[in-house]
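Here is the structure we will look at.
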Ligand SMILES: [Zn+2]
């Protein structure tokens, strides 16, 4: 039986202006987590969210997360957690949702056409403002969904647990331990049957998607040193073993021009593509022209869509990022740097275990350096590592969301992965042991993290319907674990 959502949808439409006004109030609070002097605005935004939900009868708590590591004079903004309805209904499922109320920095001088902290709506319904799509619109989507159920007189279909953080754009400091602790038996998030995160984007602009995978990232440094200090090439060129020459040669062995990783054994760690997985790529609404547009040129490795999507989502990649200590200014300085540090990272995918990747990388880099027979010294180490995540898109959490997309948008969603990372996804999966769904509201042109960030009015209002409809379908989807 499909849930009757019509009166809920009508109520969302009838209250659209009030919901946009709620977003306007949220955007007006410059909750920039990266700027110390804005910390009180981040807290203010958390409190705004808390009071909005309290006014709707939710049980809300602001949980302190302690001091900010490395900035001990700063208190981390609280995790705003909540439960709706206040009393748990044992006959209903419990869904844990996550979002963040902090934003990236923004200033008019960066090139914004409008004031970043004033929501301004153009004649195409594009609602510009920092945080509109990342992630205030989606977070308020849950608030608006609760309010619309009340106004429509429609029974709320699930027990909703909420976790909203204020440091997502600054590495989610303090949150991992908190989530792990609160998922333990008897704690706040212990009863979650599934998790839903709305903090990513459609692949394009017209077709909604559900996201079931993210790549991980292992980031490395290679340091090569020799001379006691920087040298002049007129004096020492041709007579000293130069660290930069060695480093360029070592870095050159890591990846070829077509993106093929040259580290022996690495490709054996990658899970083979199954027929079933391969079929998922066929219908995805994505063209090479979309890709060229986002690339800003036609310099792609592949000419076709499937290879391009697989290259972005399901195969590892290795990128060279930079060389610390190298001369990088304009002009023609004739320095021989005494010590240089090359930076590269590997985007990882199933089934690459991060420490196995480390072992292969160190072995490769050592062999590459040894083969030079250089008198310089080399050191290679891992800077940081975050693991990949992949969920089953056949789980009831996903099938429910797919039905909600069809109901609201009239199309079957694309099943997508992303090439980047959202580390909290894996934290929730590991801490709850439950399926995690990424259910985006905004589209690919929203420019999150960039100037002129926006959320389309259509995506916001239909997105509120989508989040509510998802909760209805998830309440009645047969609970078989796929
Ligand atoms: Zn975000």
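Taking the average, over residues, of other Cβ atoms within 10 Å as the packing measure, peptides 92-105, 42-55 rank 92-105, 42-55 from highest down. Spatial offset of region 198-234 relative to region 119-144 amounts to 28 Å, using the alpha carbon center of each.
Beyond 25 Å, how much of the Cα-Cα pair distribution for region 224-332 remains, as a whole percent? Pairs farther apart than 25 Å: 47 percent.
Peptides 341-347, 420-426, 260-266 ranked from most to least packed give 341-347, 420-426, 260-266, packing being the mean of other C-beta atoms within 10 angstrom over each peptide's residues.
Among the DSSP beta bridges whose two residues both lie in the chain, what percent are antiparallel, rounded to the nearest 5? Can you show the working numbers first?
Details: 49 of 70 bridges.
Bridges in the chain that DSSP calls antiparallel: roughly 70 percent.
The value given for the chain is a Kirkwood hydrodynamic radius of 24.4 Å, derived from the mean inverse Cα-Cα separation. Note on region 112-255: percent of Cα-Cα distances in each 10 Å bin, starting at 0 and stopping at the bin with the largest distance, equals 7, 20, 24, 17, 14, 12, 5, 2, 0. Going by C-beta contacts inside 10 Å, put 22, 314 in order with the fewest on the left. Fewest-to-most Cβ neighbours within 10 Å comes out as 22, 314.
Normalised by the number of residues in region 105-235, the average gap of Cα pairs under 8 Å and 6 or more apart makes the relative contact order 13 percent. When the alpha carbon gyration tensor of region 1-110 is reduced to an equivalent ellipsoid, the three semi-axes, largest first, read 31, 21, 11 Å. Computed from Cα positions, the angle between helix 354-370 and the longest principal axis of the chain comes to roughly 20 degrees.
In deg cm²/dmol and to the nearest 500, what is the mean residue ellipticity at 222 nm of the chain if only DSSP H runs of at least 4 residues count, each as -39500 (n - 2.57), divided by the residue total?
Numbers: 14 runs with 160 residues, N = 482.
Using -39500 (n - 2.57) per qualifying helix, the result is -10000 deg cm²/dmol.
The angle between the Cα long axis of helix 423-432 and the main principal axis of the chain comes to about 60°, on a 0 to 90 degree scale. Once the Cα atoms are used to define both axes, helix 39-55 deviates from the longest principal axis of the chain by about 30 degrees.
Where a number appears in this text, it was derived from the coordinates with a stated rule and is not lab data. These numbers come from a predicted model, not from an experiment. In this analysis, Cβ positions are derived from the backbone assuming ideal geometry, glycine residues included, and neighbour counts consider all displayed protein chains.
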